1. Condition (residue is in contact with a strand residue (DSSP E or B) (Cβ under 9 Å, 6 or more places away or on another chain) and not in a strand (DSSP E or B)) applied to segment 44-51: is it met by at least one residue?
2. Output the residue which, of all residues in segment 95-137 that are assigned to a loop (DSSP other than H, G, I, E, B) and without any contact (Cβ under 8 Å) to a residue 60 or more places away in the chain, is nearest to the chain's Cα centre (by Cα).
3. Does residue 25 satisfy the condition of being modelled with pLDDT of 95 or more, assigned to a helix (DSSP H, G or I) and either in contact with a strand residue (DSSP E or B) (Cβ under 6 Å, 6 or more places away or on another chain) or closer than 19 Å to residue 134 by Cα (or both)?
4. Would you mind stating whether residue 6 is at pLDDT 95 or above, surrounded by 13 or more Cβ atoms within 10 Å (Cβ to Cβ) and in a strand (DSSP E or B)?
5. Condition first: in contact with a helix residue (DSSP H, G or I) (Cβ under 6 Å, 6 or more places away or on another chain), closer than 21 Å to residue 71 by Cα and either at pLDDT 95 or above or in a helix (DSSP H, G or I) (or both). Can you find one or more residues in segment 30-40 that meet it?
6. Can you tell me which residue among 72, 90 is touching a strand residue (DSSP E or B) at 6+ places or on another chain (Cβ under 6 Å) and farther than 16 Å from residue 120 by Cα?
7. Taking segment 110-124, which residues are surrounded by fewer than 21 Cβ atoms within 10 Å (Cβ to Cβ) and more than 17 Å from residue 66 (Cβ to Cβ)?
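The values are calculated or read from the model by the stated rules, or taken from the named source; none is laboratory data. These numbers come from a predicted model, not from an experiment. Cβ coordinates were reconstructed from backbone atoms using ideal geometry, including for glycine residues, and neighbour counts include every protein chain displayed.
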C-alpha cells in the first residue's frame, strides 16, 4: 500500500478500503472529499486539479508518516485526484485503520487538514455560467494552521 498517491482516473474505493483492512483493527475511518455543485455562492459544474506530482507525493507521504507517529493507528493512506472531475466524483480519499475509533478519527482529520494546506495541488472551478477560476479554500488553510500549532 502506498501511503500517498495521485490518481489521474477515478479512485477505486473498494480497493482503497481493502488495503486498510487488518484483523488487528476494530476501526476504519474514511474521508471522501467530493466535487459539489456550489462554492461561495457560485454554481459549480465541475473542477480541475493541477498537481506538482513529485513534491505532492513526497509531502503527502510525510503527512501520513506524521499521523502514524502522532496517533496510535495501524495503517493510513490517501489518494488525491488530478485533472478534470465531474460533480459528485471523489477528489480526495483518506483512510485510517486502528484498534480503536478515536485514534482513527483524529488521524484521518489530521491527514486531510495537512494535505489541504501543505501539498502543491491547485483547484480550478468551472461555473455554470461558463467561467473558470482558480480558488483557494480559506477554511482549509485555517484548519491546517490550527493542526500545525499542535505539532
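1. The answer is no; no qualifying residue exists.
2. 137
3. For residue 25, the condition - modelled with pLDDT of 95 or more, assigned to a helix (DSSP H, G or I) and either in contact with a strand residue (DSSP E or B) (Cβ under 6 Å, 6 or more places away or on another chain) or closer than 19 Å to residue 134 by Cα (or both) - is not met.
4. So residue 6 passes the test.
5. yes
6. Testing whether each residue is touching a strand residue (DSSP E or B) at 6+ places or on another chain (Cβ under 6 Å) and farther than 16 Å from residue 120 by Cα leaves just 90.
7. The answer is 120, 122, 123, 124.
Yes/no matrix, rows are residues, columns are (1) touching a strand residue (DSSP E or B) at 6+ places or on another chain (Cβ under 9 Å); (2) modelled with pLDDT of 95 or more:
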residue: 54; (1), (2): no, yes
residue: 68; (1), (2): yes, yes
residue: 77; (1), (2): yes, yes
residue: 94; (1), (2): yes, yes
residue: 122; (1), (2): yes, yes
residue: 129; (1), (2): yes, yes
residue: 134; (1), (2): yes, yes
residue: 137; (1), (2): yes, no
residue: 142; (1), (2): no, no
